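The values are calculated or read from the model by the stated rules, or taken from the named source; none is laboratory data. This is a predicted model, so every value here is computed, not measured. Note: ideal-geometry Cβ built from the backbone for every residue, glycine included; neighbour counts use all protein chains shown.
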Amino acid sequence: MSRIGRSTAAALVSAVALAVLGGCTVQAPDADGKQRSPVHIRLPGSSGAAGPAAPEPGSATPALTPPHVLWTRGDSGTDIRELQARLRQIGWLFDGPTGTYDDLTEQAVKGFQRKRGLPQTGETDAVTWQRLLGMTHEPGKWELYLMGGQPAAAPDPRCLTGRVLCISKTSRTLRWMIDGRTVSTMAVRFGARYTPTREGVFHIYWKSRHHVSTLYDSPMPYAMFFSGGQAVHYSYDFAARGYAGGSHGCVNVRDEAAIADLFAQVRNGDKVVVHR
């Protein structure tokens, strides 16, 4: 899970900003408007002391305390999804948002830090986050779930019996269901404007593990055909570009491991329901 929530992150950012502007102290006025003793800013995890005394003339300058780390590799959650969406806005990340702080996110943060003269740790600390906030806008739902991952829509009533690939165009997800029980879900995308994916009830009539389209000369791994030339299959383009692209009518899956497992379970004759 992410180390801290968004509200805590915002508080930390404010604290860092005050620390930078006021040398880690701010002068807080009394009710009568007069200045009282300095108020020291303390980040989470510090001892609460006012800090080391000023060095004596000629003594070595004490080392600065590194900024507080908000998120690092291995963390996950909605905060990480927002971080990834903001990195995408300024061209430092092309995968995701996935909600998991993976190696690609770490490299993107390092690049962002290097460009701005910050320590290249790959961790998102309070200073890095403040700089990123200043250069990006609040991501909307579309940006946060650009690569899929949104909750699957409720199953269509036609999906509640038998073995069914229950595919929702609204949530852009596929549910693999057996007798009303959801076995797995995965993000999908559909046909482009002039080559829409057909809606209705169909059945898998042919499976082709290493299929290549004879019409478009493009690979369609793990293809499971359900309506003419339309199939559920893995898409390298979807994995790389997300919803920026589209298919020629097929149902594209971006998670190769997920569709490989699905391909092994689905049989010819299994039902396919494509619905809104």
Answer yes or no: is there a residue in the stretch 169-185 that is of a type in the set (Lys, Arg), at pLDDT below 95 and within 15 Å of HIS233 (Cβ to Cβ).
-> no
Residue in the stretch 116-124 that is surrounded by fewer than 21 Cβ atoms within 10 Å (Cβ to Cβ) and closer than 27 Å to ALA187 by Cβ present = yes
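So is ARG73 in the same structural domain as ALA126 (by TED's automatic domain parsing), more than 21 Å from ALA244 (Cβ to Cβ) and among the charged types (D, E, K, R) or not? Walk me through it before giving the result.
Numbers: in the same structural domain as ALA126 (by TED's automatic domain parsing): yes; more than 21 Å from ALA244 (Cβ to Cβ): yes; among the charged types (D, E, K, R): yes.
Yes: the conditions hold for ARG73.
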Filter the stretch 76-97 for residues that are part of a loop (DSSP other than H, G, I, E, B), in contact (Cβ under 8 Å) with a residue 40 or more places away in the chain and buried (at least 21 other Cβ atoms within 10 Å of the Cβ) and give the result.
-> GLY96, PRO97
All-but-one check, GLY200 against (1) surrounded by 18 or more Cβ atoms within 10 Å (Cβ to Cβ); (2) at pLDDT 95 or above; (3) under 20 Å from SER168 (Cβ atoms); (4) small (Gly, Ala, Ser), failing number (1)
